[in-house]
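Okay, so here's the structure we're looking at.
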Amino acid sequence: MSSTTAAKPRSGMFHKDHPRYKWIALSNTTLGMLMATINGSIVLISLPAIFQGIKLDPLDPNSTSYLLWMLMGFILVTAVLVVSFGRLGDLYGRVRIYNIGFIVFTIAAILCTIDPFTGGAGALWLIGWRIVQAVGGSMLFANSTAILTDAFPANRRGFALGINQIAALAGTFLGLILGGVLAVVDWHLVFAVSIPFGIIGAVWSIVSLHEVGARGTGRIDWWGNILFAVGLLALLIGITYGIQPYGDSSTGWTNPWVLGGIIGGVIVLVGFVVLEHYVADPMFNLKLFRIRAFTFGNLAGLLASIGRGGLQFMLIIWLQGIWLPLHGYSYESTPLWAGIYLLPLTVGFLVAGPISGTLSDRIGARPLATGGLLVVAVTFVLLLVIPVDFDYWTFAILIFFNGVGSGMFAAPNRTAIMNAVPAAQRGAASGMTGTFQNAGNSLSIGIFFSLMIGGLASTLPAALSKGLAAHHVPAAAVHAAAQIPPVGNLFAAFLGINPIAALLQQLHVESALPAADLKVLEGKEFFPSLISDPFHSGLFVVFIAAAIMSVIGAIASAVMGGKYLHETGSVATVETTRSGRPRTESTETVDPAQALSDV
């Protein structure tokens, strides 16, 4: 059912049999993953500068869709396409698709940088080319892990995938820092920073990488690709738009369009599953879910991704909307400083990832992945214990260990998944794992923003009314302010905009207020002091939910099974001796297709 492709003859370390070739593959794919994930998060911090540059108000109700698609478009598209490009890599060559991804990504970055329009047209230009960037990023995401799995022997994959995965996770937080720094200089640099790395990576990958893994056979499953893309996109868009208020509700979960997207998306995905059972060459071999390590590893990965994405959004709001203004930082500067103050989280990833990856080669994934998510769960609970106006070093230690826990989980989990699948299915398996990870990031904004909005909706209106009335805001304006859904204040804080200043401008009451009251209301301390208690109420709901997800993910990791290797033509269940060296418990030669049903 599969065959190994002949490698193009090359000399030196670029030859597939050279002992250093695997390090070439690791360094190149790590650059690709780092570049793609930085690009996914870099706009989170730099959105105010981008919208100012294209002369668009991000808090204008007419700009809401632009804002959401700038925030989520890249993640949504990558979640939808990684499986398809992983399958294409299995059929036509993983390196070939990966190389095309670098080229597409870089061209789109160039075109984002030269946006010739302003206003809505400028936003649509950026959104459109960001989506094209996501297409290129999907090609990189889908095939980098498979390329590494092909290049490294089984007893070294944990280390390799540890470096690769931690680069991917760290990239999401490095993007916050880069976005804050570059946006201060010029918003065009937010997109231009990817160009030199994209060019270097594309040339390097074309010169140095070549096919060394098993190639699958078959044809493209067009209907499967279409159903999967339409169903997942409808589902994720519906959940994302669920945070938008509808009617008298502070959220949009009763909006017929939201319900239609979610229900319709689920129905289409069910149709996809049914179709895949009957086509001769399915887009994704559903029999892979019979492999316990693959199924429970992806379940744990999805839950971890949701929790990690929710943490990222909540910490940004916490820092930008409350803590940094209370400590003297202007709202305009908070995006940059939020990225800097979140550095311990990234350091935790970088410290734990390679170590846990190396250890997983010796002791297996289960203890590390399970322990990592339990550490994450504990840090979520401890973040609720500290006050909203916290001592920074306490906060830094907690997010550092949150990063350590995520680093302990990520590499062993991905290694266990990739070791467990047949060689000819590695591209599609890597793509499906990427889909779970990116879908988790997308789901996090819908789930955690909704939980936070629900917590704020019961407490913020009363606190806001009392605070505004105490500073002589007219009663009609106070009443109107109390009716505005909390999502507006959250987005303002998330974008580094003073929510009260934006609210007073929206209510047209600035000129009617005494100068002393206006100075207090638009100062650095009024909104943080006002929202602290309501925010903590919402944060309690959010972080308890995240802790529960992490515990469930830890349980899934615990039942994932022992160390399991699935190589072409054989399946080996591996344990370790007391010295840590792999010991094959049992090895049986089987038909690779039959092996899927043996687990």
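The values are calculated or read from the model by the stated rules, or taken from the named source; none is laboratory data. If you're wondering where the values come from, they're calculated on a predicted model, not measured in any experiment. Glycine also receives a Cβ, built like all others from the backbone with ideal geometry; neighbour counts cover every protein chain displayed. Side chains included, ligands, DNA and RNA excluded: accessible areas come from the protein's heavy atoms. Shrake-Rupley method; radii C 1.70, N 1.55, O 1.52, S 1.80 Å.
Quick notes on this structure:
- Whole-Å distance, taken between Cα centres, linking the range 134-177 and the range 407-481: 23 Å
- The length gained on full extension between residue 289 and residue 220, counted as 0.36 nm times the residue separation minus their Cα-Cα distance, comes to 22.8 nm.
- With R₀ fixed at 56 Å, the C-beta to C-beta distance from residue 483 to residue 280 puts the FRET efficiency at about 0.45.
- Quotient of the Cα radius of gyration of the range 338-432 and 2.2 N^0.38 Å, N being its number of residues: 1.26.
- Based on every Cα atom in the range 221-271, Rg and the maximum pairwise Cα distance Dmax equal 12.3, 44 Å.
- A probe of 1.4 angstrom, applied to the heavy atoms of all protein chains, finds residue 350 with accessible area near 90 square angstrom.
- Area of residue 90 that stays accessible when all protein chains are in place (1.4 Å probe, Å², to 10): 0 Å²
- Dividing the alpha-carbon radius of gyration of the range 213-305 by the rule-of-thumb value 2.2 N^0.38 Å gives 1.36.
- Among the lysines of the chain, pairs that are 8 or more positions apart or on different chains and have alpha carbons within less than 22 Å of each other number 5.
- Inter-label distance for residue 393 and residue 362, nm, one decimal - labels placed 7 Å from Cα along Cα-to-Cβ: 3.3 nm
- Scaled radius of gyration (Cα, divided by 2.2 N^0.38 Å) that the chain gives: 0.98
- In sequence order, the range 554-560 has phi-based couplings of 5, 5, 4, 5, 5, 8, 5 Hz under the Karplus curve 6.51 cos²θ - 1.76 cosθ + 1.60, θ = phi - 60°, and Gly or Pro positions carry x.
- Backbone N atoms of the range 384-426 closer than 16 Å to the 7 Å Cα→Cβ label point of residue 540 belong to residues 384-389.
- Alpha-carbon gyration tensor eigenvalues x 5, square-rooted, for the range 171-241, Å: 33, 26, 10
- Each 10 Å bin, from zero up to the one with the longest distance, holds this percent of the alpha carbon pairs of the range 48-193: 11, 34, 33, 16, 5, 1.
- Length gained on full extension, residue 273 to residue 332: 16.5 nm, using 0.36 nm per residue less the C-alpha separation.
- Translational diffusion coefficient (Stokes-Einstein; Kirkwood radius from C-alpha pairs) of the range 254-348 at 20 °C, 1.002 mPa s, in µm²/s: 122 µm²/s
- Equivalent ellipsoid semi-axes - Cα gyration tensor, the range 327-387, angstrom: 32, 16, 6
- Nearest-0.05 FRET efficiency for residue 206 and residue 117, computed from C-beta distance (R0 35 Å): 0.60
- FRET efficiency for residue 248 and residue 20, using Cβ-Cβ distance with R0 set to 56 Å, rounded to 0.05: 0.30
- Inter-part distance where the range 535-549 and the range 357-371 are each reduced to a Cα centre, Å: 28 Å
- The Rg/Rh ratio of the range 28-117, with both radii computed over alpha carbons and Rh defined as the Kirkwood radius, is 1.04.
- Percent carbon-and-sulfur accessible area, the range 122-208, ignoring ligands, DNA and RNA, probe 1.4 Å: 83 percent
- Calculated accessible area for the chain comes out at 37 Å² per residue, all protein chains present (probe 1.4 Å; ligands, DNA, RNA ignored).
- To put it simply, the accessible area of the range 464-558 at a 1.4 Å probe is 65 percent carbon and sulfur.
- 43, 135, reordered so the largest accessible area comes first (probe 1.4 Å): 135, 43
- From largest to smallest, the equivalent ellipsoid semi-axes obtained for the range 488-537 from the alpha-carbon gyration tensor read 20, 13, 9 Å.
- Solvent-accessible area of residue 337, all protein chains in place: 90 Å² (probe radius 1.4 Å, heavy atoms, ligands and nucleic acids excluded).
- Seen from every direction in turn and averaged, the convex hull around the alpha carbons of the range 64-150 projects onto 5.6 nm².
- Taking all Cα pairs closer than 8 Å and separated by 6 or more residues, the relative contact order of the range 338-464 comes to 34 percent.
- Quarter of Cα convex hull surface for the range 394-533, i.e. mean projection, nm²: 11.3 nm²
- Mean Cα-pair separation over length for the chain, i.e. relative contact order, pairs under 8 Å, 6 or more apart, %: 21 percent
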